[in-house]
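Step one of this worksheet: look at the structure below.
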Amino acid sequence: MNLSRRLGSLYGEQPSGGAAASLESSESDAAAATLSRFQEARAAENAQAATARDGDPQSTVLASEALGSLKERASAALYERLGSRLTDSSLDEEELHKYVRDELRLIVDAEQVPLTSGERHRLSSEIIDDVLGHGPIQRFLDDPEITEVMVNRHDSIFVERFGKIFKTEARFASDEALRKVIERIVSRVGRRIDESSPLVDARLADGSRVNAIIPPLAVNGPSLTIRKFGREALTVAKLIELGSMSPEMAELLRACVLARLNIIVSGGTGTGKTTLLNALSSFIPADDRIVTIEDAVELQLQQEHVVRLESRPANIEGRGEVTIRDLVRNSLRMRPDRIVVGEVRGGESLDMLQAMNTGHDGSISTVHANSPRDAIARLETLVLMAGMDLPLRAIREQIASAVNLIVHITRLRDGSRRITHVTEVQGMEGDIVTLQDAFLFDYSAGMDANGRFLGRTVPTGVRPRFTDRFAELGIPISTAVFGSLIPGARR
Ligand SMILES: Nc1ncnc2c1ncn2[C@@H]1O[C@H](COP(=O)(O)OP(=O)(O)OP(=O)(O)O)[C@@H](O)[C@H]1O
Ligand SMILES: [Mg+2]
C-alpha cells in the first residue's frame with residue numbers, strides 16, 4: 001500500500017485545513033470533532049513525514065515538486081508506451097499490471113533521478129494508480145468509510161463519509177488526466193465516451209455505480225460520480241442496527257411484503273431508496289418468481305427464482321434503445337409473481353401501476369420524492385409522461401388503487417438515513433388521494449450534544465386498514481408494532 005493510500009485509510013478522507021467543509025448548513029458537533037481529529041492527525045503525520053525524510057520543510061516542498069514533475073514525465077512516457085493496450089478489455093488485468101510495472105521501471109531508471117527506495121515505491125504506486133487505477137480518487141475507493149466520490153471538476157473532489165459530504169484536497173493533475181481515468185472506466189465495460197456520446201453510466205469491477213459526463217454537456221470539464229458498492233450489504237438487520245428502522249417497523253414491512261401489498265419507496269437523491277428496496281425484497285418468499293428491472297443493476301436479491309433485466313441506451317447510430325418501460329411490458333409476459341422496478345422515472349410508471357392493478361400485486365418500486373404526498377404527485381407527473389392523455393382523476397384513481405403503501409426515507413441533517421414515514425394509501429376522497437401515516441419520525445425529541453437526532457419513527461396510533469389483510473392471510477403481527485392491540489394479533 002503506498003503512502004497516500006496508507007494515510008487515506010489511516011485518517012480517512014483528508015478534509016485538511018480550511019478547505020475542510022461540511023456542506024450541511026448546520027454542521028453537527030460530532031462531525032466537527034471528527035474533522036478536527038482528522039486535521040490534527042493529518043498535520044502530525046505531515047510533520048512527522050517531513051522530519052523523517054530530511055527534517056527541513058523547505059526542502060520537502062522542493063523534493064515533492066521535483067517528484068511531481070518526474071511523476072508527470074514518467075506518466076506521459078508510460079501512456080505513450082502503453083498505447084491502446086490500456087483500453088484493450090481483452091487483456092488480462094494481471095498481465096497488464098506486470099507490463100506496466102516493467103515499463104515504468106525502465107522509464108524511471110532512464111530518468112536517472114536519485115530516489116530513495118521509499119520515494120521510488122511511492123512514485124510507482126501513484127503512477128500505477130493513475131494509469132491503471134483511478135488516480136487520486138483510488139484511495140477514496142479503497143476506503144470503506146467513504147460511500148460516494150463526486151468529482152465535480154479535475155480539481156474539485158467531494159466525498160461522502162458517514163452520511164456527510166466533505167470537500168477533499170485531492171485533485172487530478174488536469175482535465176486530461178481525469179478524462180483518461182473516465183475513459184479507462186468506461187472502456188472496461190465496453191462503452192465509450194466522447195463528444196458525440198458525452199455521458200455514460202458504467203460500473204466498476206466491484207459493482208460500484210459510475211456516472212461520467214464530459215464537455216460540451218459538462219460545462220466546467222469532465223465530471224465523475226461514483227456510488228460505491230457497499231462491502232457490507234445493508235440488510236434489514238443492519239438497517240435496524242443503524243437506526244434507519246425499528247424492529248417493529250421491520251416486522252410491519254415484512255408483513256406488508258408477505259401480504260403482497262404494492263409498495264413504493266420514496267425519498268430524495270441518495271437517501272437510500274435502492275438499499276431499502278433491496279432490503280424489503282428480502283422478505284419476498286423464495287418460491288415467488290421475481291423479475292427485477294433496473295437502469296443499471298444494483299439490486300442483489302438473495303432469492304434463486306429471480307430474473308434480472310437491465311435497460312440499454314441507444315447505440316451510436318441512435319438505435320437499439322431498450323427502456324425500462326419496454327422491460328416492464330416484457331416482464332408481464334414472463335409470468336412474474338412480483339415485479340421489482342429499481343426506480344420509476346418515466347412513462348413506465350403507468351405500466352407499473354397497471355401491472356400492480358392487474359394481478360401483479362406485491363410489486364415494489366422507488367420514486368424520487370420529498371414526502372409521501374409528493375410521491376403521489378410525482379407518480380401523477382410520471383404517468384402523464386406515458387403520453388396517454390389520461391384525465392387527472394383517472395390517473396389518481398389508478399394510483400390510489402394500485403399503491404398500498406409508501407415508505408419514505410430521509411437523509412437527516414445529522415447524516416443518518418431513516419425511514420421517516422410509513423404511509424398507507426387509503427383511496428380517494430373527491431379528487432384527492434387520501435394518505436394516512438402509520439409511522440412518523442418524531443422530530444420533537446430534539447438532538448443530543450453531538451447533533452444527532454434523538455427521535456425515532458413512532459406509530460401514530462392509527463392502525464392501517466391493510467392490517468385486516470394480515471389477519472385474513474394469517475400473517476402474524478405482534479401487538480408491539482402499533483403500540484396497541486390489533487385484532488388477530490399475536491401476543
Ligand atoms: N440506511 C442507511 N444507512 C446508512 N447508509 C445508507 C443507508 N441506506 C443507504 N445507505 C448508503 O447511502 C448511499 C446511497 O444509497 P442508495 O443507492 O440506496 O440511495 P438512492 O436513494 O437509491 O440513491 P439514488 O437517488 O442515487 O438512486 C449508499 O452508499 C448506501 O450504502
Ligand atoms: Mg437508487
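FYI, it's all coordinate maths here, none of it is from the lab. Only a predicted model underlies this, so the values are computations on that prediction, with no experimental measurement involved. Don't worry about glycine lacking a Cβ; one is built from the backbone with ideal geometry, like all the others, and counts go over all protein chains shown.
For segment 211-339, a Kirkwood hydrodynamic radius built from all Cα pairs, placed in the Stokes-Einstein relation at 25 °C and 0.890 mPa s, yields a translational diffusion coefficient of 144 µm²/s. Distances between every pair of Cα atoms in segment 331-436, grouped in 5 Å steps from 0 to the bin holding the largest one, split as 2, 12, 22, 24, 20, 11, 6, 2, 1, 0 percent.
With K and R counted +1 and D and E -1, the other residues having a Cβ less than 10 Å from that of residue 297 yield a net charge of -1. Put simply, the amide H of residue 309, placed in the peptide plane, has neighbours under 5 Å in 292, 293, 294, leaving out anything fewer than 5 places away on its chain. A cut-off under 10 angstrom between Cβ atoms defines the neighbours of residue 275, and their net charge, with Lys, Arg +1 and Asp, Glu -1, is +2. Below 10 angstrom from the Cβ of residue 171, what's the summed charge of the other residues (Lys, Arg +1; Asp, Glu -1)? Result for the neighbourhood of residue 171: -1. Taking the square roots of five times each eigenvalue of the Cα gyration tensor of segment 210-265, the equivalent ellipsoid has semi-axes of 38, 16, 9 Å, listed largest first.
When a/c is below 1.5 the answer is rounded, else prolate if a/b is larger than b/c, else oblate, so apply that to segment 161-201 with a ≥ b ≥ c taken from the square roots of the Cα gyration tensor eigenvalues. Since a/c reaches 1.5 and a/b is larger than b/c, the shape of segment 161-201 is classed as prolate.
Let me know the whole percent of all Cα-Cα pairs from segment 305-384 that are separated by more than 16 Å. Please list the in-between numbers first.
On the way: 1684 of 3160 pairs.
Cα-Cα pairs in segment 305-384 separated by more than 16 Å: 53 percent.
Each principal axis of segment 382-491 carries a Cα extent, and these read 53, 38, 22 Å when sorted largest first. Can you pull out the trypsin sites (Lys or Arg not before Pro) in segment 214-245 whose DSSP state is coil and whose Cβ has at most 10 other Cβ atoms within 10 Å? Answer by residue number: 231.
Between residue 389 and residue 96, the distance separating the two model label sites (each 7 Å from Cα on the Cα→Cβ line) works out to 5.2 nm.
Can you check how the C-alpha radius of gyration of segment 82-196 compares to 2.2 N^0.38 Å, as a plain ratio? Walk me through the numbers on the way to the answer.
On the way: Rg = 15.7 Å, N = 115, 2.2 N^0.38 = 13.4 Å.
Output field value: 1.18.
Taking other C-beta atoms within 10 angstrom as a stand-in for reagent exposure, 69, 117, 266, 244 fall in the order 117, 69, 244, 266, fewest first.
Taking a threshold of 24 Å on the Cα-Cα distance, which of the pairs 180/273; 71/228; 71/98 fall above it?
Working: 180/273 32 Å; 71/228 28 Å; 71/98 19 Å.
Long pairs (Cα-Cα over 24 Å): 180/273; 71/228.
Based on every Cα atom in segment 127-189, Rg and the maximum pairwise Cα distance Dmax equal 11.5, 31 Å.
Neighbour counts of other C-beta atoms within 10 Å: give me 305, 421, 121 arranged from fewest to most.
Numbers: 305 16, 421 23, 121 13.
Placing the least packed residue first, the sequence is 121, 305, 421.
Extension gain, residue 241 to residue 116: 0.36 nm times the residue separation minus the Cα-Cα distance gives 40.3 nm. For segment 153-263, treating each Cα as an identical point scatterer without solvent, what Debye log10 I(q)/I(0) comes out at q = 0.10, 0.14 1/Å? The Debye formula, applied to the Cα set alone, gives -0.47, -0.73. Averaging Cα coordinates gives a centre for segment 332-404 and one for segment 297-330; these two points are 18 Å apart.
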